Every structure is written in C-alpha cells, then in structure tokens.
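The values are calculated or read from the model by the stated rules, or taken from the named source; none is laboratory data. Just so it is clear, the structure is predicted and the values come from calculations on it, not from any experiment. Heads up, the Cβs are rebuilt from the backbone with ideal geometry, glycines too, and the neighbour counts pull from every protein chain shown.
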Amino acid sequence: MLGAFLFPDILLYVLDMIGVVACAIAGTLLAQHKGFDIAGCILVSMVNAIGGGTIRDMALDRHPLFWMTDLNYVIVITVTSLILQIFFHLYHKIDNALKLFDAIGLAAFSVIGFKVALHQDVSPIVAIMMGVWTAIIGGMLRDIICNEIPLVLQREIYISASIAGSVVYLLLERLGVNAGLNEFIMLGVIFAVRMLALRFDWHLPSIRLVD
Amino acid sequence: MLGAFLFPDILLYVLDMIGVVACAIAGTLLAQHKGFDIAGCILVSMVNAIGGGTIRDMALDRHPLFWMTDLNYVIVITVTSLILQIFFHLYHKIDNALKLFDAIGLAAFSVIGFKVALHQDVSPIVAIMMGVWTAIIGGMLRDIICNEIPLVLQREIYISASIAGSVVYLLLERLGVNAGLNEFIMLGVIFAVRMLALRFDWHLPSIRLVD
Amino acid sequence: MLGAFLFPDILLYVLDMIGVVACAIAGTLLAQHKGFDIAGCILVSMVNAIGGGTIRDMALDRHPLFWMTDLNYVIVITVTSLILQIFFHLYHKIDNALKLFDAIGLAAFSVIGFKVALHQDVSPIVAIMMGVWTAIIGGMLRDIICNEIPLVLQREIYISASIAGSVVYLLLERLGVNAGLNEFIMLGVIFAVRMLALRFDWHLPSIRLVD
C-alpha cells in the first residue's frame with residue numbers, strides 16, 4: 001500500500017484520537033446543557049465519538065467493531081468527558097480549540113471511513129458515503145438523542161468537505177499518486193475546506209434556480 | 001418459485017424505484033422545510049428511501065447491503081433530490097402524485113421486505129415485521145432526524161396496510177396460490193388499502209373499550 | 001458454567017419477560033399520550049422492549065437476533081400492548097407496579113446483555129457496556145421516536161445501577177464466586193440500587209468541582 005511517500009498510520013491514529021476528544025467534548029457540552037447526569041453525559045460523548053464508526057462497521061459487516069478491540073477509544077472518551085464535567089466552567093476558553101479539534105476529527109474520521117470501505121472492495125460511491133457516515137453520524141445521533149435538529153445537516157460545510165476530500169483522493173489515484181501521500185492530501189483538503197468555511201462563513205446554499 | 005403465473009421481477013423493481021423516488025421527494029421536502037442545505041437534503045432523502053431496507057438487511061445479516069451492490073438506488077435518490085431542490089417551487093403541483101407514488105412505495109417495499117425475510121427462512125411473524133420495517137423505518141428515521149413525531153405511527157393507515165398484505169399472502173399460500181401471483185395480489189391489497197384510506201379518510205382508532 | 005449454586009436459567013427468563021412486559025407497558029403509555037394509533041403503540045412497545053437487545057446483537061454480530069428464534073417476545077409485547085390499550089383507564093392503578101417491573105427489567109436485561117457479551121469473549125469493559133445497552137437503548141429509542149429527551153439519560157439511576165451490578169460481578173468472579181450465584185447477586189445489586197434510588201430519590205449529580 002505504501003510507495004515513495006509513507007504516510008504514517010500512527011499519525012492518522014493520533015489525528016483520529018484528537019477527533020475523538022473533540023467529539024467527546026462536544027457531546028458532553030450538549031448533554032450537560034440538556035441536564036443529563038454524569039453517566040448520561042458520558043454516553044452521549046460515546047455516541048458522538050464512536051457512533052459513526054459503529055454504524056459504518058455494522059453496515060460493512062466488520063466485526064468485532066473497531067472500539068471493541070481497541071479500548072483506547074472508550075477510555076479516552078470517558079476520561080475526556082469526566083475531566084470536562086469537573087472543569088465545566090472553563091468551557092468558554094476551549095471554544096476555539098474545539099472548532100480546530102472538530103475539523104481535525106472531520107478530516108481523520110472521513111479518511112478512516114473511506115479507507116476502511118475501500119479495503120472492503122465496495123464501489124467508490126459507497127466508499128465516499130462511508131467516509132461521510134463515519135464523520136457525521138456520531139454528531140447526528142448526539143443531536144437526535146438531545147432532541148435537537150442535527151447541526152451537521154444545516155447550512156454547515158461538513159458533508160461537502162468530506163465528499164470533496166474523497167473526490168480529490170479518487171482523482172489523484174487515477175493520476176497514479178500513491179495511497180500514503182493521497183491519504184495525507186485528502187486529510188489536508190477536508191481540514192482546509194472546513195477551516196476556510198469557518199473563517200469565511202461559507203455555507204452550502206439551498207439551490208433554487210427559479211422562485 | 002414461479003408457477004402458472006409469472007410475476008415479473010422487473011415490474012417489482014420498477015415499482016420499488018417509484019417508491020424510492022417518492023421517498024426521496026418526501027425526504028427532500030421535509031429537509032428543505034427544516035432549512036437543511038443541499039447535502040443535508042440528499043442525506044435525508046437517502047435515509048427516507050433506503051433506511052428501512054438497510055435496517056432490515058442488518059437485522060437479517062444480509063451483506064453487502066442491497067444498495068451497495070446496486071448503485072441505481074443512490075443515483076436515483078441523489079438525482080431526484082437535486083431536481084426537486086432546483087425546481088422546488090413546483091412542489092404543490094406534485095402533491096397528489098406524491099401520495100400515489102408513496103402508496104406504490106409502501107406496497108413495493110412491503111412485498112420486497114416480506115419476500116427477502118421469507119428467503120432467509122424466518123418465521124411468518126418475523127417476515128410480516130420485516131415487510132413493515134422495510135416500508136416504514138425510512139420514514140420514521142426521516143422524521144426523527146428532522147425532529148418531528150413520526151407520521152407513520154400516527155393515525156395513518158401504513159403499518160396496518162402492510163400487515164394486511166402479508167396476512168393475505170400467507171392465507172393464499174396455504175390455499176396453494178403460487179408465489180408470483182401471490183406477490184402481485186399482496187401488492188394490490190396494500191396499495192388498495194392505502195389509497196382507500198386516503199380517499200375515505202380511514203384511520204386506525206385507539207382502542208378503548210371502557211372509559 | 002454452573003458450580004455449587006445453580007441459578008436457574010428459567011428464572012432469568014421469567015424475570016426477562018417481566019421486564020419485557022414493563023417495557024411494553026411504558027412504551028404503550030407514552031405512545032398513547034402522543035396520539036399514536038394501535039399499530040403505532042405496538043411498534044413503540046416493541047422498540048422499548050427488544051430495541052436494546054437488537055442493537056446489542058447487531059453490534060456483537062449475533063444472528064439470528066434473539067427475538068427471531070423465540071417468538072414469545074413479540075407475542076408477549078403485542079398482547080400486553082393490546083390489553084393495555086383496551087383497559088387504558090386503569091393505568092394509574094398500575095403505576096407502582098410498573099416501577100417495580102421496570103426495576104426487574106433493568107436488572108434482568110443488564111444481566112442478560114452482560115452475560116451474552118462475555119460469551120462472545122469481549123473485554124470486561126465492552127461486556128459492561130453491552131449490559132448497559134441492553135438495559136437502556138430500548139427506552140432511549142422509545143423516547144427518541146416519541147420526540148422526548150431520553151429519561152434514562154437524565155438524573156435517574158439507570159446506567160449507574162447497571163454498571164454497579166457488572167462491576168460487582170467482575171469483582172466476585174476474581175474472588176472465585178461461581179457464575180450462577182454471581183448472576184443472582186448481580187441481579188440483586190441492580191434491582192436494589194434502582195429501588196433504593198426510587199425510594200430515597202437518589203440522583204446521580206452533575207459533577208462540578210469549581211464554579
């Protein structure tokens with residue numbers, strides 16, 4: 001799988017964990033806002049952080065689920081959520097860091113979901129969808145459980161950033177770019193699109209040619 | 001499986017696609033109403049159109065999922081949703097057609113889900129449930145994501161039409177009716193019950209013998 | 001699996017069914033309150049009673065799902081829901097019994113989910129989570145479908161009672177207590193914690209060391 005350029009799996013894992021931490025934080029904040037207790041906050045954190053990958057693995061029939069064999073996910077989420085609940089009053093200070101972490105998570109989750117799907121030999125369209133699922137279903141489930149309309153479906157650049165990254169990957173693969181470098185580029189594209197969208201307040205419009 | 005009467009699989013496929021189009025339209029309309037962006041509308045369309053079959057396949061351990069090997073589903077849904085979003089202002093004119101398509105979808109989805117389950121050698125009760133799941137879970141998930149109380153669970157004849165069709169199938173099978181003809185009858189029963197319910201404003205009551 | 005003390009599987013099955021009845025009642029009551037029709041109430045009852053076990057089995061890749069091979073679940077739920085809908089006016093009188101049944105269900109569902117997971121050779125943390133999932137996901141899905149914030153995530157002792165039982169089991173297992181007796185103790189711990197929480201109005205706090 002690796003050619004001239006080696007994209008270290010350990011780096012992707014670290015970025016993945018950063019995304020997990022971001023999701024655990026976002027989940028805990030919303031759950032606290034809704035008045036959930038300690039256990040409820042941890043559960044919503046878990047749904048947010050590993051819900052997308054769980055649904056992806058179940059859809060692709062990959063068993064055991066990724067977090068069942070690597071307990072770091074469950075531990076990192078639980079510890080993050082507990083720390084945040086103890087120091088809740090600090091959360092305004094972490095708001096900007098959260099957006100950064102969240103963008104890292106969006107990129108890392110998309111790359112992992114896309115890559116996992118390609119390894120299962122599905123068609124490229126399905127792989128793109130699995131990247132999107134891994135990246136957004138956790139946040140969707142978090143909002144559904146908390147009785148909110150899912151943020152990721154509203155005028156926010158989430159799904160489209162993930163799709164853009166996958167499409168770039170597929171195009172560059174045609175041009176012969178090796179997988180390791182390509183994953184790195186895909187990560188960068190998604191992260192860049194998301195950060196630019198936040199910076200310049202980009203939104204995907206509703207399309208309506210006529211009125 | 002086929003006897004004297006041949007119910008063409010291609011016809012069931014066409015009816016299935018009509019149902020998929022109806023679900024994609026219904027999903028897009030609700031998502032637009034909620035202010036979702038283009039990507040969000042497409043995602044809700046997909047949930048509406050293939051969510052029920054996805055949950056059914058996962059419950060019956062059928063992999064790969066039906067839409068992973070036949071990309072027509074994803075393509076038809078995406079194109080339908082995009083066309084609708086572009087010509088959104090026309091939607092009042094399609095309201096009656098939508099109800100017709102929706103009834104076709106209810107019938108086709110029920111027959112497919114029921115048939116798929118019977119092929120997995122489950123008991124008739126489970127097969128009836130899988131027909132219902134395939135027909136209604138997509139719409140339920142759509143409403144849940146959009147933070148609405150599921151329409152199909154309210155005083156609308158959806159679940160009961162699907163069950164009626166399955167029960168008729170099982171009765172006629174006992175009487176020796178061949179599978180092809182029987183599927184056709186099941187389709188007709190569900191479609192007829194749904195259209196009559198709309199026409200004469202039938203509702204399933206709450207039952208309460210005493211007050 | 002069994003040593004000096006035999007915990008009869010039939011007793012666990014009976015307690016399981018009591019929990020199923022409690023879930024069917026709770027699901028039907030909420031669904032009626034939301035104005036769902038007969039079929040909608042039955043569906044919400046099913047989601048409440050077998051939703052958690054279904055998600056657990058799908059996550060652990062156990063097929064066929066537990067209720068597909070033992071139709072008693074579907075039958076008991078349907079009959080319970082129908083009886084309740086017919087005699088709805090009596091429901092105030094059953095409120096206390098429902099809390100008792102609900103606590104029995106919490107204990108039985110937790111033990112079954114935990115035990116099933118251990119048989120799949122997952123790590124203890126995952127087994128604890130599967131106990132929790134089996135016990136609470138049904139109620140969460142019920143509330144999500146009915147557009148309510150999940151009760152089990154709020155300041156109620158549900159998740160923590162289930163975890164407490166599993167932790168006691170794991171500790172006693174280290175001390176050499178045989179599985180049969182241990183399951184019985186786990187059941188008792190969860191049931192006792194839940195009932196004491198109701199009796200003395202215990203709540204899990206939000207933790208916030210500083211303000």
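The set of residues from region A:117-166 being under 15 Å from A:E183 (Cα atoms) and out of contact with any helix residue (DSSP H, G or I) (no Cβ under 7 Å at 6 or more places or on another chain) comprises just one member, A:H119. Here region A:94-114 is the region considered, the condition is being in contact with a helix residue (DSSP H, G or I) (Cβ under 7 Å, 6 or more places away or on another chain) and among the charged types (D, E, K, R), and the residue that is surrounded by the most Cβ atoms within 10 Å (Cβ to Cβ) is A:D102. Only helices (runs of 4 or more DSSP H) whose full extent lies in region C:28-143 are considered here, and the ones with at least 1 residues that are within 11 Å of chain B (Cβ to nearest Cβ), closer than 17 Å to C:S162 by Cβ and more than 13 Å from the chain's Cα centre (by Cα) are C:38-59.
For B:L187, indicate whether it is part of a helix (DSSP H, G or I) and in contact (Cβ under 8 Å) with a residue 40 or more places away in the chain.
yes
Cβ separations smaller than 8 Å between residues 6+ apart or across chains give the following pairs from region A:42-70 residues that are hydroxyl-bearing (S, T, Y) to residues that are not in a helix (DSSP H, G or I): A:T54/A:L65. Taking the numbered list (1) at the interface with another protein chain (Cβ under 9 Å from one of its Cβ atoms); (2) surrounded by 21 or more Cβ atoms within 10 Å (Cβ to Cβ) in turn, C:A24 passes all entries but (1). Checking each residue in region C:148-180 for being within 14 Å of chain A (Cβ to nearest Cβ) and either over 30 Å from C:G27 (Cα atoms) or part of a helix (DSSP H, G or I) (or both) picks out C:L151, C:V152, C:L153, C:I159, C:S160, C:A161, C:S162, C:I163, C:A164, C:G165, C:S166, C:V167.
Considering only residues in region C:117-176 that are farther than 14 Å from C:A59 by Cα, of a type in the set (G, A, S) and in contact with a Phe, Trp or Tyr (Cβ under 7 Å, 6 or more places away or on another chain), the one that is surrounded by the most Cβ atoms within 10 Å (Cβ to Cβ) turns out to be C:A135. Scan region A:203-211 and tell me whether some residue there is modelled with pLDDT of 90 or more and within 11 Å of chain B (Cβ to nearest Cβ). No, that holds for no residue.
Where residues in region C:38-92 are among the charged types (D, E, K, R) and surrounded by 17 or more Cβ atoms within 10 Å (Cβ to Cβ), which of them is farthest from C:I145 (Cα to Cα)? Selected residue: C:R62.
Conditions (1) more than 30 Å from C:I185 (Cα to Cα); (2) at pLDDT 95 or above, marked per residue:
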{"position": "C:L6", "(1), (2)": "no, no"}
{"position": "C:Y13", "(1), (2)": "no, no"}
{"position": "C:G19", "(1), (2)": "no, no"}
{"position": "C:A22", "(1), (2)": "no, no"}
{"position": "C:G27", "(1), (2)": "no, no"}
{"position": "C:V79", "(1), (2)": "yes, yes"}
{"position": "C:I86", "(1), (2)": "yes, no"}
{"position": "C:D95", "(1), (2)": "no, no"}
{"position": "C:L98", "(1), (2)": "no, no"}
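With respect to the numbered conditions (1) surrounded by fewer than 24 Cβ atoms within 10 Å (Cβ to Cβ); (2) within 20 Å of C:G53 (Cβ to Cβ); (3) basic (K, R), which one is the sole condition not fulfilled by C:R199? Result: C:R199 passes all but (2).
Scanning region C:160-181 for residues being without any contact (Cβ under 8 Å) to a residue 40 or more places away in the chain and not basic (K, R) gives a total of 10.
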